[in-house]
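Trainee: The structure follows.
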Amino acid sequence: MAVAYENPQALLNDPEAVKIKDWRHVLQRAFLRDNVKPEANSLPEYDEVFNTIESYQGMTIQYLSYSKIGKVMKKISQLDDSHIPESDGQFKFRERAGKLVTQWHAILSASGKGADGGDGAATNGTGNAEDASPEAGAAPAEPEAGEGEGDVVMATDA
């Protein structure tokens, strides 16, 4: 049974969390490199990774959040034909990735929590657009000291 972690740093020492993150790295390197298709001779290896993920029964919100595997699967499911080898018809990577994303959304919805382990109110894409956009002519709020260091704030015309 998976252990619930209050501190995401504790997942660094969880072998299951590390294993899921490793799966994510393999698939990200294979499918999401700029203008590079996965090599056809490596597709059976990626099929095996997909099979392992599809049969994995221990997926938790904490593992999804820590590994970010859901983001990679979503991107794989949205790839256009130019980024997928012709032999994908045999493996159906995009279709399988989409099914996993749907399955994991059900886990998140059933728990009432977002991918970050919060209450779901601030998950990406679920908020009210009117609440998220600044009023016309209003300047973006400045981050407090120590927050957002290294982040770039872009102003847009409203």
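Trainee: Of all residues being open to solvent by less than 50 Å² (accessible area, probe 1.4 Å) and not acidic (Asp, Glu) in region 6-17, which is farthest from Lys92 (Cα to Cα)? Just the residue, please.
Mentor: Ala10
Trainee: Within the set of pairs 6+ apart or on separate chains, which have a first residue in region 18-41 that is more than 19 Å from Val101 (Cα to Cα), a second that is exposed (fewer than 15 other Cβ atoms within 10 Å of the Cβ) and of a type in the set (Ser, Thr, Tyr), and C-beta atoms under 9 Å apart?
Mentor: Asn35/Ser82; Lys37/Ser82; Ala40/Ser87
Trainee: Taking only region 47-61 into account, find how many residues are open to solvent by 30 Å² or more (accessible area, probe 1.4 Å) and either of a type in the set (A, V, I, L, M) or assigned to a helix (DSSP H, G or I) (or both).
Mentor: Number of matching residues: 6.
Trainee: Restricting attention to region 78-97, and to residues there that are open to solvent by less than 40 Å² (accessible area, probe 1.4 Å) and assigned to a helix (DSSP H, G or I), which single residue is nearest to Lys37 (Cα to Cα)?
Mentor: Asp88
Trainee: Within region 94-108, is there a residue that is among the aromatic types (Phe, Trp, Tyr) and either modelled with pLDDT of 95 or more or touching an Asp or Glu at 6+ places or on another chain (Cβ under 8 Å) (or both)?
Mentor: No, every residue in region 94-108 fails to be among the aromatic types (Phe, Trp, Tyr) and either modelled with pLDDT of 95 or more or touching an Asp or Glu at 6+ places or on another chain (Cβ under 8 Å) (or both).
Trainee: Tell me which residues, restricted to region 39-54, are out of contact with any Asp or Glu (no Cβ under 9 Å at 6 or more places or on another chain) and farther than 17 Å from Ile69 by Cα.
Mentor: Passing the criteria: Glu39, Asn41, Ser42, Pro44, Glu45.
Trainee: Related question: Restricting attention to region 18-42, and to residues there that are surrounded by fewer than 18 Cβ atoms within 10 Å (Cβ to Cβ) and not in a helix (DSSP H, G or I), which single residue is nearest to the chain's Cα centre (by Cα)?
Mentor: Selected residue: Leu32.
Trainee: What are the pairs, 6+ residues apart or on separate chains, where a residue within region 46-67 that is in contact (Cβ under 8 Å) with a residue 24 or more places away in the chain has its Cβ under 7 Å from a residue that is of a type in the set (Asp, Glu) and open to solvent by 20 Å² or more (accessible area, probe 1.4 Å)?
Mentor: Gly58/Glu16; Tyr63/Glu16; Ser65/Asp116
The values are calculated or read from the model by the stated rules, or taken from the named source; none is laboratory data. Predicted, not measured: the structure shown is a model, and the values here were computed from it. Note that each Cβ is placed from the backbone with ideal geometry, even for glycine, and that neighbours are counted across all protein chains shown. To get the accessible areas, we keep the full protein, side chains included, count just its heavy atoms, and leave off ligands, DNA and RNA. Shrake-Rupley method; radii C 1.70, N 1.55, O 1.52, S 1.80 Å.
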